[in-house]
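Reviewing the structure listed below.
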Amino acid sequence: MTMVYATNFLTASAADWQNAVEIGNRHYLASAGEAVLKLLKSQRDDTTQGWQVNNYQHSLQCASRALRQGEDEEFVVCALLHDVAQELDPFSHDKIAAQILKPFLGEINHWVIENHQVFQLRFRVNSQFDLAACEKYRGHPGFEKALYFCEHYDQNCFDPEYDHLPIETFEPLVRRMFSRVMEERLRGSAYRREFER
């Protein structure tokens with residue numbers, strides 16, 4: 001394999017840059033989606049935080065229910081990865097997950113992930129949480145979808161008896177979604193445009 005011989009940007013030759021871009025492009029296409037899957041898989045043996053399932057099992061339940069219900073591929077991936085940042089910061093995990101997924105999602109699905117934490121409060125009956133907190137977003141185009149997501153694919157996915165599908169079921173969906181965007185970004189002059197922003 002061709003290598004970059006420079007040890008810093010200032011001494012990199014035109015050939016070094018050509019090699020770096022070509023090697024990097026091949027890598028990013030071949031590994032599209034792998035980093036976020038690794039982050040989710042790293043939670044496989046985490047504690048349950050008092051619930052009967054941990055976040056990894058919860059995520060698989062969410063995605064399994066969405067897939068079995070016939071939701072589209074992007075929505076199933078949203079269900080799988082909506083809590084991927086839970087262990088990084090439980091108080092803003094929705095915002096972090098949304099930022100990770102933003103380039104790969106449509107606008108409404110991105111908004112649902114970004115705000116699902118406040119929408120799930122609607123279903124925390126018998127708690128001290130504000131069940132009406134999401135009402136501040138009423139009128140937003142994603143409002144009903146966020147409620148739907150939380151009702152059908154979030155708040156009800158803590159069942160240790162639920163027969164969720166294995167992570168391997170969802171890996172091709174994640175890879176397809178991520179590689180589609182990577183291919184668009186790396187096609188022709190898209191690479192340059194990405195860095196000219």
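Out of R180, R124, R187, R138, one residue alone is of a type in the set (K, R) and in contact with a Leu (Cβ under 9 Å, 6 or more places away or on another chain). It is R124.
It is to be established whether one or more residues within the stretch 115-129 are without any contact (Cβ under 8 Å) to a residue 40 or more places away in the chain and within 14 Å of the chain's Cα centre (by Cα). So far as the stretch 115-129 goes, yes, one or more of its residues are without any contact (Cβ under 8 Å) to a residue 40 or more places away in the chain and within 14 Å of the chain's Cα centre (by Cα). Take the conditions assigned to a helix (DSSP H, G or I) and within 17 Å of the chain's Cα centre (by Cα) and apply them to R175. Does it pass? When the stated conditions are applied, R175 passes them.
Suppose the filter is closer than 19 Å to N54 by Cα and surrounded by 14 or more Cβ atoms within 10 Å (Cβ to Cβ); does Y137 pass it? Answer is no for this residue. Entry remark, the stretch 75-91: residues being touching a residue at least 12 places away in the same chain (Cβ under 8 Å) and surrounded by fewer than 19 Cβ atoms within 10 Å (Cβ to Cβ) number 1 in total. Could you tell me whether the stretch 53-62 includes any residue that is without any contact (Cβ under 8 Å) to a residue 24 or more places away in the chain and β-branched (V, I, T)? Within the stretch 53-62, none of the residues are without any contact (Cβ under 8 Å) to a residue 24 or more places away in the chain and β-branched (V, I, T).
Could you grab me the full set of residues in the stretch 22-33 that are over 14 Å from L80 (Cα atoms) and either free of Cβ contacts under 8 Å to residues at least 24 places away in the same chain or in contact with a Ser or Thr (Cβ under 8 Å, 6 or more places away or on another chain) (or both)? Once the filter is applied, which keeps residues that are over 14 Å from L80 (Cα atoms) and either free of Cβ contacts under 8 Å to residues at least 24 places away in the same chain or in contact with a Ser or Thr (Cβ under 8 Å, 6 or more places away or on another chain) (or both), the stretch 22-33 yields E22, I23, G24, R26, H27, L29, A30, S31, A32.
Read the figures in this text as sums done on the coordinates, not as results from a lab. A quick note: this is a predicted structure, and the numbers were derived from the prediction, not measured. Cβ sites come from the backbone with ideal geometry, for glycine too, and all protein chains shown count toward neighbours.
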